[in-house]
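The values are calculated or read from the model by the stated rules, or taken from the named source; none is laboratory data. Values in this document were obtained by computation on a predicted structure and should not be read as measured data. Every residue, glycine among them, receives a Cβ derived from its backbone with ideal geometry; neighbour counts consider all protein chains shown.
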Amino acid sequence: MSKQNKADGGEPFGGYHAGFSVLVGRPNAGKSTLTNALVGKKVAITSAKPQTTRHTIRGIVHREDAQLILVDTPGLHRPRTLLGKRLNDLVADTLAEVDAIGFCLPANEKIGPGDKFIAAQLAAVGRKPIIALVTKADLVDRQALTEQLLAVAALGREVLGEEGWKDIVPVSATDGFQVGTVADVLISHMPPSPPLYPDGELTDEPEAVMVAELIREAALEGVRDELPHSLAVVVDEIVPREGRAEDNQLLDVRVNLYVERPSQKAIIIGKGGSRLRDVGTNARKGIEALLGTRIYLDLHVKVAKDWQRDPKQLVKLGF
């Protein structure tokens, strides 16, 4: 964080506050959807499949008197592979650096061992404000929501003592219920600071990473449960097509999709290449919106045997 600068004995930075908040929770707890709702634009991919998020994606919320930088992390879980361990390490490193923590627990699922595992991890972080965010509130009725809020409060007292969570906020990113309240509560824990990012900037994620994430999101739609863990996407290059007129620009986007087995390659490609074409069609819209120009998307599927367990392959694929 930046050092405070008091001008003529007044409030530091004219009362402006800025800082970092991380959203944590088990896989598929609604972290990415809430990040997008808070920022007001898609900066993190969403999917019903666990482990969709594999990087810490920063989304930036701008207010007249504050800036909130949201870090959407991979879901914390008991790791079964080297990739899983590295994703957990990524979350732990992030927790150590932020000003506040938002712990996402879905309203429509009872608190389970995974939630308790994460709560214990958070309790060990030290003196950081932890706000419990009861997500997906639109999926339950009022009585079920009340019961979940009471259960979440009890969990807070169990791991943190009588004080419990700093706050508990029910929220629905889908219909906007209390999204603004979540931002208000998180901002209230940010330190005095000048803005940390330029006005209007919504993410600091490199374009190539965002492109890869959009393609992975499209590829995950409707596939079998085991495939999401085995799929990695790497952008080879994004280059302007030569010889195009100024008013008719085109970017060539060349991308490799890596899976662990030939059978998974067949799933991604589909009969006669039909699935891969659908992936390209669905991803292209989001990529063109992101890059602000037309693209030619060149997708190739490759097998990298057991890459989740291979340290060299993990480095090659960006983990």
(message) Take residue 171 and tell me if it is under 29 Å from residue 18 (Cα atoms), β-branched (Val, Ile, Thr), more than 22 Å from the chain's Cα centre (by Cα) and buried (at least 17 other Cβ atoms within 10 Å of the Cβ).
(response) no
(request) Look at region 291-319 and say how many of its residues are touching a residue at least 12 places away in the same chain (Cβ under 8 Å), part of a helix (DSSP H, G or I) and surrounded by 15 or more Cβ atoms within 10 Å (Cβ to Cβ). (result) 4
(request) Tell me, yes or no, whether region 104-121 has at least one residue that is closer than 13 Å to residue 21 by Cα, assigned by TED's automatic domain parsing to the domain that holds residue 18 and at pLDDT 80 or above. (result) yes
(request) Kindly list the number of the only condition in (1) basic (Lys, Arg); (2) modelled with pLDDT of 80 or more; (3) within 15 Å of residue 210 (Cα to Cα) that fails for residue 41. (result) (2)
(request) Grab the strands (runs of 3 or more DSSP E) fully contained in region 99-200, keeping just those with 2 or more residues being β-branched (Val, Ile, Thr), in contact (Cβ under 8 Å) with a residue 24 or more places away in the chain and at negative phi. (result) 130-135, 167-170
(request) Give region 253-289 a look and list any residue that's hydrophobic (A, V, I, L, M, F, W, C) and in a strand (DSSP E or B), or say none. (result) 253, 255, 257, 259
